[in-house]
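Worksheet: one structure, shown below.
Here, each number is a calculation from the coordinates, and none is a lab measurement. Not measured: the values here are computed from a predicted model. As a convention, Cβ positions derive from the backbone with ideal geometry for all residues, glycine included, and neighbour counts pool all protein chains shown.
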Amino acid sequence: MIKYNLKCENNHEFESWFSDSNEFDKLNKKKLLECIYCSSNKIRKSIMAPMVSGKQLKQENSLNLLDKKLSNEKKQLLKIREHIEKNFEFVGDKLSQKVREVYYDKRTKKSIYGTATPEEREELAEEGIDLLSVPWVDKDN
């Protein structure tokens with residue numbers, strides 16, 4: 001596993017894990033990587049410092065540590081999902097239509113969530129409507 005610092009075309013910086021450097025290149029070439037802030041799929045590696053250690057950790061210990069970190073991240077994402085499901089109205093693939101209704105009717109204070117295509121997100125951004133993309137973790141996985 002390798003962690004890269006990534007940057008989108010809008011200079012948002014974030015990190016992500018990949019099985020190896022070829023995995024990043026393959027996913028990026030297919031435009032399957034997306035900025036967690038603006039959903040841009042124009043991603044590049046950012047400057048990063050390698051992890052240098054005076055002692056070499058055993059691979060088994062490293063994997064256990066990684067498993068713990070991934071487990072903690074999953075727990076946090078599940079908490080976010082549970083909060084959204086409890087407090088927001090699910091509108092499915094009608095998100096772009098419904099978000100416009102909420103945005104342009106200033107009296108409506110509804111919180112909604114759903115799915116939108118990259119094209120729909122781009123159109124909404126051009127209208128000045130910001131969306132937040134949240135990684136949706138399966139509860140059973």
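Given the DSSP H assignment, sum -39500 (n - 2.57) over each helix run of at least 4 residues in the chain and divide by its residue total; what's the result at 222 nm in deg cm²/dmol, nearest 500?
-13000 deg cm²/dmol
Quick one: which residues, 5+ away or cross-chain, put their amide H under 5 Å from the amide H of Asn5? H built at 1.01 Å from N.
The answer is Ser46.
Which residues' amide hydrogens lie under 5 Å from the amide hydrogen of Ile112, considering only partners 5 or more residues apart or on another chain, with H built in the peptide plane?
Glu89
If neighbour count is taken as other Cβ atoms inside 10 Å, put Ile84, Ile43 in order from fewest to most.
Ile84, Ile43
Could you tell me the extents of segment 2-45's C-alpha atoms along the three principal axes, largest first, rounded to whole Å?
So the extents along the principal axes, rounded to whole Å, are 25, 19, 12.
If you work out Rg and Dmax of the Cα atoms in Å from the coordinates, which of (i) 16.2, 44; (ii) 16.1, 56; (iii) 18.4, 60 do you get?
(iii)
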